[in-house]
Amino acid sequence: MAGSSGRGKVLWHLTMSLDGFIAGPGHSMDWMSGLSFTPGIVEEMVATTGAILAGRRGFDAGYGAGGGENRRPYGGKWDGPIFVLTHHPEDAPPAPGFTFLDCDVAEAVGTGLDAAGGKNLEVFGADVARQCVERGLIDEFSVHLAPVMLGDGVRLFDAPGVAPVRWELMRDGDAPEVVDLRYRPRR
């Protein structure tokens, strides 16, 4: 989808625990507090993101359950349209900057790309991302592997019965396809 009509990429961007979770139980994100990210990565994402497509469960956990208007993406550094894909938009609590969509995931991606104004559409949420992957709608996958094990929560990609999805490493030089990471328990 990227590059067509001056559109940005559909980017699945996330931070994942070593044991494969992208959110803790109840979609909690507090486990990311205090993590050190590559310098400039947040600023890069803020500058290149034009809109976000998210799922309803994450919205309800982060924004709709009374806690969230101030919990904007990237610690409040990013502001723009957020589209929430849901089968029940009628019972979603009103939230400034959020638009609730009840449509096919491909239509939701198109709506988000149109709103992104030539920048990237970031996909948040395991179920929405899974639907996008299964339909071939993701242009790029960016994951930050965090040195923490959660043991429970929202899995990165929970799609029993789906054929393996292979990804090509995007990096300059002759880096191996499999990235070797080494950690030891923090004391």
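Values as computed for the structure displayed
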read-out: Condition check for A54: in contact with a helix residue (DSSP H, G or I) (Cβ under 7 Å, 6 or more places away or on another chain), farther than 14 Å from P147 by Cα and either at pLDDT below 90 or of a type in the set (G, A, S) (or both); value: yes
read-out: Residues (surrounded by 14 or more Cβ atoms within 10 Å (Cβ to Cβ) and over 15 Å from G125 (Cβ atoms)) located in the range 76-98; value: W78, G80, P81, P89, A95
read-out: W78 vs. criteria part of a loop (DSSP other than H, G, I, E, B) and aromatic (F, W, Y); value: yes
read-out: Filter result for D158 (open to solvent by less than 60 Å² (accessible area, probe 1.4 Å), modelled with pLDDT under 95 and either among the charged types (D, E, K, R) or under 22 Å from A23 (Cα atoms) (or both)); value: no
read-out: Candidates A146, A108, A126, filtered to the one that is farther than 25 Å from S33 by Cα, under 16 Å from the mean Cα position of the chain (by Cα), open to solvent by less than 30 Å² (accessible area, probe 1.4 Å) and not aromatic (F, W, Y); value: A108
read-out: Verdict on A47 being at pLDDT below 90 and either within 30 Å of P147 (Cα to Cα) or touching an Asp or Glu at 6+ places or on another chain (Cβ under 8 Å) (or both); value: no
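The values are calculated or read from the model by the stated rules, or taken from the named source; none is laboratory data. These numbers come from a predicted model, not from an experiment. All Cβ positions, glycine included, derive from the backbone under ideal geometry; neighbour counts span all protein chains shown. Ligands, DNA and RNA are stripped out before the accessible areas are found, and what is left, the full protein with its side chains, is counted by its heavy atoms. Shrake-Rupley method; radii C 1.70, N 1.55, O 1.52, S 1.80 Å.
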